[in-house]
Amino acid sequence: GTAFTLSLTIASTVADFGEEEQANLTSALANFFGVVESYVAIESVTAASVVVIASVFDESGAGVDVAARMEQTTVAELSEALGVTVEAKAVRKTHASPPPAAPPPRGGGGGSSGGGGSGG
């Protein structure tokens, strides 16, 4: 699959864009791009209005549909679809790995709890 990063500048404040608003946006993004909700992650929320960095994983591997939709969608269309006022957007292809929901690899590791260092 392919992952894309979508940067949205939303008319709000960081204080007003809490967990519930982020969950609603995650759900709306998944619905809008036609991917499962676990394939959308809010990477960060910072001030400037509110800048939201979200990643969307396209499991088809082609990345064409999600990429085209991200690039062709206007901020007005995003605002309506996501239920927030989007002031600006930027899109970039990031990597071709699945979302970070995979379990850790199995292996022999149940040992030390110390974290010493080797001097220098």
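Every number in this text was worked out from the coordinates using simple rules, so none of it is lab data. None of these values were measured; they are calculated from a predicted model. Positions of Cβ are backbone-derived with ideal geometry, glycine not excepted, and every protein chain shown enters the neighbour counts.
For this structure, a couple of remarks:
- Matching option when the condition is loosely packed, with under 13 Cβ neighbours inside 10 Å and of a type in the set (Ser, Thr, Tyr), among Thr9, Thr13: Thr13
- Scope region 16-42; condition outside any helix (DSSP H, G or I) and buried (at least 17 other Cβ atoms within 10 Å of the Cβ); matching residues: Phe17, Val35, Val40, Ala41, Ile42
- Residue within region 36-53 that is under 15 Å from Ala90 (Cα atoms) and touching a Phe, Trp or Tyr at 6+ places or on another chain (Cβ under 7 Å) present: yes
- Matching residues, region 22-64, being more than 14 Å from Leu6 (Cα to Cα), of a type outside the set (S, T, N, Q), touching a residue at least 24 places away in the same chain (Cβ under 8 Å) and out of contact with any strand residue (DSSP E or B) (no Cβ under 7 Å at 6 or more places or on another chain): Gly34, Ala47, Glu59, Ala62
- The condition of being in contact (Cβ under 8 Å) with a residue 12 or more places away in the chain, among the polar types (S, T, N, Q) and in a strand (DSSP E or B) does not hold for Thr13.
- Residue match in region 43-53 (condition: in a strand (DSSP E or B) and touching an Asp or Glu at 6+ places or on another chain (Cβ under 6 Å)): yes
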